[in-house]
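Inspection log for the structure reproduced underneath, given as structure tokens.
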Amino acid sequence: MNAKYFSINEDKLSIRCKLYENKGEALRRLILFGHGFGGHKDNRACEHFAERVLQKNRGAAVLVFDWPCHGEDARKVLRLEDCDLYLGHVLNYIQTTLRPERLDGYGTSFGGFLFLKYISEHGNPFEKLALRCPAVTMAESLTETILTAEETEKLLKGKKVQAGFDRKVEIDLAYLESLREHDVRKMEFIDDAENILIVQGTKDEIIPPAAVRAFADDNLIEYVSVENADHRFMDPKKMDEAVSHIIKFLDLR
């Protein structure tokens with residue numbers, strides 16, 4: 001497996017990307033991976049997924065990129081419109097430059113939320129979309145779980161705070177208000193439901209499983225539970241179980 005780094009330079013932007021591929025194989029299948037809040041393109045979950053996919057699927061590749069303010073991205077304050085802009089440019093690059101025969105998506109947490117938001121606003125670019133622990137409660141989870149009570153208080157008073165896991169991201173009240181405005185639970189995905197899968201751990205401590213299951217039920221989306229798995233699937237065996245469900249759903253081996 002080869003990992004290739006490159007940037008998409010459009011509209012004075014530089015979107016940092018990483019492509020997992022097997023050298024010498026013509027590209028037929030591409031899976032676009034959307035990492036979570038505070039994550040980056042070098043995250044282990046994407047690498048593990050790519051290893052599983054490329055091992056048995058000729059012509060397949062996995063592409064991941066840094067969301068705004070994440071990884072090596074140069075932006076300072078997170079905005080949902082910037083996330084939408086980045087995703088649009090990446091999808092355009094896939095369609096015009098890489099040109100795979102089939103494009104699927106795999107979004108985790110915040111990445112899953114952003115994929116859903118994009119689909120609702122622009123249409124579905126994916127043949128199939130797998131979501132692991134999608135952050136359908138992103139606004140509430142930010143103020144009630146990700147941030148401390150002190151940080152939430154500062155945010156609500158209009159001050160900027162740092163939040164995230166692998167990299168701290170600067171956020172402000174405008175970002176929180178945009179999350180509340182773009183609540184994916186108020187959007188409808190029934191038309192795409194048969195091509196969407198949600199996988200979540202029963203012990204997700206960031207995004208409440210009950211809320212995600214309710215979202216899935218409301219949109220007739222298949223929901224698969226992984227017993228005793230936390231939000232980040234830190235147990236390798238639980239992650240293997242989740243990836244196995246996703247690989248099967250995406251018609252991979």
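The values are calculated or read from the model by the stated rules, or taken from the named source; none is laboratory data. Please read these numbers as outputs of a predicted model, since none were measured by experiment. Methodologically, a virtual Cβ is constructed for each residue, glycine included, from the backbone with ideal geometry; neighbour enumeration extends over all protein chains shown.
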Residue count, the range 209-234 (criterion: crowded, with 16+ Cβ neighbours inside 10 Å, of a type outside the set (S, T, N, Q), outside any helix (DSSP H, G or I) and without any contact (Cβ under 8 Å) to a residue 60 or more places away in the chain): 6
Residues being buried (at least 22 other Cβ atoms within 10 Å of the Cβ) and assigned to a helix (DSSP H, G or I) - total across the range 87-110: 2
Residues that are in a helix (DSSP H, G or I) and either in contact with a Leu (Cβ under 8 Å, 6 or more places away or on another chain) or of a type in the set (Phe, Trp, Tyr) (or both), drawn from the range 53-82: Val53, Lys56, Leu80
Selected residue (only one of Ala174, Ala163 is within 19 Å of Asp73 (Cβ to Cβ), surrounded by fewer than 18 Cβ atoms within 10 Å (Cβ to Cβ), among the small types (Gly, Ala, Ser) and touching a residue at least 60 places away in the same chain (Cβ under 8 Å)): Ala174
Unique residue being under 20 Å from Gly39 (Cβ atoms), surrounded by fewer than 20 Cβ atoms within 10 Å (Cβ to Cβ) and of a type in the set (Gly, Ala, Ser) when the list is Ala149, Ala139: Ala139
Odd one out for Cys17 among (1) closer than 18 Å to Ala130 by Cα; (2) in a strand (DSSP E or B); (3) in contact with a Ser or Thr (Cβ under 9 Å, 6 or more places away or on another chain): (1)
Criterion violated by Glu25 - all others in (1) in contact (Cβ under 8 Å) with a residue 24 or more places away in the chain; (2) surrounded by 19 or more Cβ atoms within 10 Å (Cβ to Cβ) satisfied: (2)
Near pairs, Cβ below 6 angstrom, 6+ apart or cross-chain, from the range 56-83 (of a type in the set (Phe, Trp, Tyr)) to any residue that is in a loop (DSSP other than H, G, I, E, B) and surrounded by 22 or more Cβ atoms within 10 Å (Cβ to Cβ): Phe65/Lys41
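Results for (1) under 21 Å from Asp240 (Cα atoms); (2) over 11 Å from the mean Cα position of the chain (by Cα), shown as yes or no for each residue.
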{"residue": "Leu27", "(1), (2)": "no, yes"}
{"residue": "His40", "(1), (2)": "yes, no"}
{"residue": "Arg44", "(1), (2)": "yes, yes"}
{"residue": "Asp66", "(1), (2)": "no, no"}
{"residue": "Gly71", "(1), (2)": "no, yes"}
{"residue": "Leu91", "(1), (2)": "no, yes"}
{"residue": "Thr96", "(1), (2)": "no, yes"}
{"residue": "Leu103", "(1), (2)": "no, yes"}
{"residue": "Phe113", "(1), (2)": "no, no"}
Residues satisfying the stated conditions in the range 127-160, i.e. touching a residue at least 12 places away in the same chain (Cβ under 8 Å) and of a type in the set (S, T, N, Q): Thr137, Ser141, Thr143, Thr145
Matching residues, the range 184-228, being under 29 Å from Arg253 (Cβ atoms), more than 18 Å from the chain's Cα centre (by Cα) and among the aliphatic types (A, V, I, L, M): Leu220, Val226
Number of the exception - Ala135 against (1) out of contact with any Phe, Trp or Tyr (no Cβ under 9 Å at 6 or more places or on another chain); (2) assigned to a loop (DSSP other than H, G, I, E, B); (3) modelled with pLDDT of 95 or more; (4) small (Gly, Ala, Ser): (1)
